[in-house]
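What follows is calculated from the coordinates using simple rules that are stated; it is not laboratory data. The structure displayed is predicted, hence computed values, not measured ones. Quick reminder, even Gly has a Cβ in these numbers, built from the backbone with ideal geometry, and neighbours come from all protein chains shown.
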Amino acid sequence: MTPLSASPPVHAGEHAAPVADWVRIEDLYTNPYPIYRRLREEAPVAWVPSVGRYLVTRYADCHWIEQDAETFSANEDGSLMKRAMGHSMLRKDDPEHQVDRAAYGPVLRPKAIKETWTAIFEKNAEKYLDAFEAQGSGADLHLGFAAPFAAENLREIMGFRNATKDDMQRWSQTMIDGTGNYADDPEVWAKSAASSAEVDAAIDELVPVLRADPDATLLSAVVGAGLPLEAIRANMKMTIGGGLNEPRDVLGTAAWALLSSPGQLAQVLADPALWATAFEEAVRWVAPIGMYPRQTTREVALGGATLPRGARIGVVLGAANRDPEQFDDPETYNINREKKPHLAFGGGAHFCAGTWVARTSVANVALPRLFERFPQLRLADRPAREGGWVFRGMLELPVAWN
Ligand code: HEM
């Protein structure tokens, strides 16, 4: 990856944030945790030239940012997400944000998940576990089960009856690549724009159908709420980008962690109520969204530094979730740790709208069904690989079952 070219104002006075010029994007991608440890200790709010942001790595500072949306705006200037996907709720502040967000509410709340979506998750778990089992005596759990399961669930919740799970995966990946296209690579923009146009076409085809005959899906809800077409398109694209990778990645991370720790796996198998704990500890341990952006609306003191107005910030959830001030022995996956709040789902106005979808589909359905179906499941000889820092999860998770 290439460093950012555009720099926000850097405060140069007495309380200027330290510059962490030793942070390299390649190292963040491979294993960000040693870097986070050093940043938290030496420079908890640091200007990081390679990523063109002030990175905030302590739990308390990240939590504070989430609670003060007036100072830390989600509506970032020059946002690549806006270019790739349009202006969705995720880049709006209240009150505009709340208009879009309210339209999502009924579809994603626990009642709807219980009444409508759980049966879909169960059907998809069976379908993709059948396909996984048919691969023989071993396969890649990430590509073979987690990815299609998450993609098909999201396709059905969103209501893209005129698309396939493979369309969802391609749209999601290419538009996410657009939002991270700091190198301004024209090929990345072309692929992102092509997906964006395909999503627009799919929405255009469905809007009149859903106006005439509404259903339980997200697309139907935003159409019924009367959101303008541009807002419908942007929110749908953001949700395709933001609702697929994370359940996929927490499923892989949790399975990997449990398979690596037979004692904890035995504990969960003996007490199914612990699937929820295993899930929550997995999103704490490896936050699927490792970093999200904000921009200051005024000069503000944070973590011992003074940030100028207009400063572009990275709220590093992946680091906050391993802050020893908040969690004992934070680098270890431990379902028996003292229960404390983590930040994996964000906080404040933008707290993840899909939290209950993720918890139900992964903790209540996918993980228990997976281990029921394959009582002999184990890690294969080939090592598992994980990667990423803005989004982090398994890249490959080879497993065997007999
Ligand atoms: C383990 C799974 C998930 C994790 C860890 C996660 C994490 C997050 C985080 C950290 C944010 C806030 C980002 C910010 O403030 O900039 C967020 C927002 C959001 N998430 Fe999730 N997410 C997950 C699953 C999902 C799913 C399955 C969906 C859709 C069905 C979804 C839909 C959304 C939406 C619509 C927002 C924007 C909310 C707003 O701006 O008000 N997420 N998510």
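Per-structure values
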| quantity | calculated |
| --- | --- |
| Placed amide H near ARG53: partners under 5 Å, 5+ positions off or other chain | VAL48 |
| Placed amide H near GLU396: partners under 5 Å, 5+ positions off or other chain | ARG385 |
| Fluctuation leader among ARG211, ARG40, ARG359 - the chain, Gaussian network, Cα springs under 10 angstrom | ARG211 |
| Cα centre as origin, Lys/Arg/Asp/Glu Cβ charges: the chain dipole, Debye | 300 debye |
| Which of LYS165, LYS123, LYS111 has the fewest Cβ neighbours within 10 Å, and the rest in rising order | LYS111, LYS123, LYS165 |
| Lysine pairs within segment 25-400, Cα separation less than 22 Å, 8 or more sequence positions apart or different chains | 12 |
| Residue among GLY105, GLY388, GLY252 with the largest mean-square fluctuation in a Gaussian network model of the chain, springs linking Cα atoms under 10 Å | GLY105 |
| DSSP-assigned coil residues among GluC sites (Glu not before Pro) in segment 40-101, each with at most 12 further Cβ atoms within 10 Å | GLU70 |
| Relative exposure of CYS62, CYS352, judged by other C-beta atoms within 10 Å (fewest first) | CYS352, CYS62 |
| Segment 283-375: C-alpha gyration tensor shape, a/c 1.5 cut-off, then a/b vs b/c | prolate |
| Estimated FRET transfer efficiency (ALA16, GLU325; beta-carbon r; R0 22 Å; 0.05) | 0.40 |
| Gyration tensor (alpha-carbon) shape descriptor, segment 55-108, a/c threshold 1.5 | oblate |
| Part-to-part distance (alpha-carbon centres) for segment 133-150 and segment 28-50, which is given in Å | 34 Å |
| Residues LEU269, LEU370 arranged by fewest to most Cβ contacts within 10 Å | LEU269, LEU370 |
| Hydrodynamic radius (Kirkwood) for segment 25-95, which is based on Cα pairs only, to one decimal in Å | 14.0 Å |
| Three-way shape call for segment 180-287 based on the alpha-carbon gyration tensor, with the a/c threshold at 1.5 | oblate |
| Nearest-0.05 FRET efficiency for GLU205 and ASP27, computed from C-beta distance (R0 45 Å) | 0.50 |
| Förster radius 30 Å - calculated FRET efficiency between ARG378 and ALA273 (Cβ-Cβ, nearest 0.05) | 0.80 |
| Alpha-carbon Rg with Dmax, taken over the chain, Å | 20.9, 64 |
| Area projected by the alpha carbon convex hull of segment 266-314, averaged over all directions, nm² | 5.1 nm² |
